[in-house]
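Accompanying notes for the structure given below.
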Amino acid sequence: MKKEKTKITVADRRKYLIKDAISAREIALSLMKEYELDKAITFGLPEVDDRSHIWRIALINKSDKSRIGEIVIDAKTSLVDEKRSTKKEFLEQRLLKRDTSEQKIKTKRDTYIQSQMRNTIAQGDSEKLLSELSKNSVELIFTSPPYYNARPEYSEYVDYEDYLNKMRKIIRACERVLVEGRFFVLNISPILIRRENRSKASKRLAVPFDFHRLFIEEGFEFVDDIIWQKPEGAGWATGRGRRFSADRNPLQYKPVPVTEYVLVYRKKSDKLIDWFIRNHPSQKLVRESKIPDGYDVTNIWKISPSHSKDHPAIFPLKLAEKVINYYSFKGDVVMDPFAGLGTVGEASINTGRRFVLLDNDKGYVNIIRQRMEKLLANEAENIVCINCPPIKSVNKKLL
């Protein structure tokens with residue numbers, strides 16, 4: 001008896017993440033729940049367009065069965081294409097049978113609302129944790145993303161595209177929780193993938209430029225590229241340039257990297273920066289947040305790197321403090337979705353801000369908890385701890 005061959009579908013050949021109508025419908029339902037419209041809207045049969053690599057799901061008004069819009073999903077990444085999908089405001093108006101062609105949709109928020117989030121430490125996948133945070137609850141994001149397969153502890157990604165796809169999802173989730181018009185600052189650099197053997201070449205991935213594309217596609221505006229310059233000897237540990245130093249042959253030249261990027265993006269808004277300064281509810285905090293003399297006048301920041309036996313890639317406390325001072329007010333909430341050892345938390349405390357620290361590694365989260373307990377003493381018991389034990393005050397430990 002012949003064994004039947006497994007049928008290879010178009011979705012398999014094209015490596016779609018969304019392979020069937022059921023998966024497409026689940027994503028559409030999740031979005032409708034986020035919009036709080038799942039009780040009023042149902043779905044038509046999802047259709048795949050394998051030329052454009054997208055799924056289309058018709059949105060149907062439950063009450064009169066009329067089509068009122070559609071959701072478009074990228075079949076390769078599983079992300080909703082918001083530009084081609086019907087916006088929430090139009091869906092709401094069509095459900096209420098208003099004439100959207102005559103009525104101007106108001107999107108402005110005329111009131112400056114400060115986040116009420118408390119200091120928070122959370123363990124778990126950042127994408128999931130971010131989906132549970134309130135919209136517009138964070139006033140600055142500063143982070144450095146995990147390396148792609150540059151070290152053994154970051155080898156969970158199937159390939160580079162898989163890594164970028166995960167980063168896109170987290171950037172999108174960050175955009176939801178970040179306040180309109182506020183900043184997402186990213187410390188990032190190209191990475192070296194060492195050669196497997198002497199017959200193969202090493203690769204250097206231009207990670208910052210791929211991330212730039214993700215930020216622009218996910219609704220951010222590019223603001224600045226700051227160059228973090230380390231002392232001259234800092235890059236020799238990579239081994240890059242040693243062959244040329246010995247042989248001096250043309251074609252072998254590879255400079256030793258002593259810089260990283262600090263890329264600054266802003267969540268899109270029709271409000272100018274001045275609006276946030278003029279309308280801040282506490283002008284006292286605005287005055288206290290002014291930058292003193294001696295600030296960085298160029299986009300070259302000279303800072304020595306930091307090292308830790310507990311983490312392979314930490315940025316300096318001084319770098320975090322600079323970013324926080326330049327791009328937030330005192331009292332703001334600063335988030336790091338890849339918190340590591342919690343440097344952003346310490347910098348937030350030092351600069352009079354609150355922090356939200358997310359990390360998937362239990363060991364790192366334990367170090368963060370110990371670090372914040374040491375810095376805040378008895379006040380540490382007020383930290384919100386998600387998926388990890390609460391911090392007890394020194395007095396309670398003695399009881």
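The values are calculated or read from the model by the stated rules, or taken from the named source; none is laboratory data. If you're wondering where the values come from, they're calculated on a predicted model, not measured in any experiment. Every residue, glycine among them, receives a Cβ derived from its backbone with ideal geometry; neighbour counts consider all protein chains shown.
Okay, residues lined up against (1) within 23 Å of V258 (Cβ to Cβ); (2) out of contact with any Ser or Thr (no Cβ under 9 Å at 6 or more places or on another chain); (3) crowded, with 17+ Cβ neighbours inside 10 Å:
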site	(1), (2), (3)
D296	yes, yes, no
S306	yes, no, no
F315	yes, no, yes
V323	yes, yes, yes
D332	no, no, yes
Y364	no, yes, yes
L376	no, yes, yes
E379	no, no, no
I391	no, yes, yes
Which pairs do you get when a residue that is over 17 Å from K322 (Cα atoms), found in the range 277-294, comes within reach of a residue that is among the hydrophobic types (A, V, I, L, M, F, W, C) and in a helix (DSSP H, G or I), reach meaning Cβ atoms under 8 angstrom, with the pair 6+ apart or on two chains?
I277/V286; H280/V286
Can you name the residue in the range 239-269 that is closer than 23 Å to F209 by Cα and among the hydroxyl-bearing types (S, T, Y) and is also modelled with the lowest pLDDT among such residues?
Y253
Identify, by number, the condition in (1) at pLDDT 90 or above; (2) in contact with a His (Cβ under 8 Å, 6 or more places away or on another chain) that I314 doesn't meet.
(1)
Boolean, S348 is polar (S, T, N, Q), assigned to a helix (DSSP H, G or I), touching a residue at least 24 places away in the same chain (Cβ under 8 Å) and under 24 Å from S134 (Cβ atoms):
yes
Taking the range 136-152 and the residues there that are at pLDDT 90 or above and not small (G, A, S), the one that is surrounded by the fewest Cβ atoms within 10 Å (Cβ to Cβ) would be N136
The residue from K322, K290 that alone is of a type in the set (K, R) and assigned to a loop (DSSP other than H, G, I, E, B) is K290
Mind checking whether some residue in the range 2-10 is at pLDDT 85 or above and among the basic types (K, R)?
no
Answer with yes or no whether D274 is out of contact with any helix residue (DSSP H, G or I) (no Cβ under 9 Å at 6 or more places or on another chain) and more than 24 Å from Q123 (Cβ to Cβ).
yes
Can you tell me which condition S304 does not meet? The list is (1) among the polar types (S, T, N, Q); (2) closer than 30 Å to E373 by Cα; (3) in a helix (DSSP H, G or I), and all the others hold.
(3)
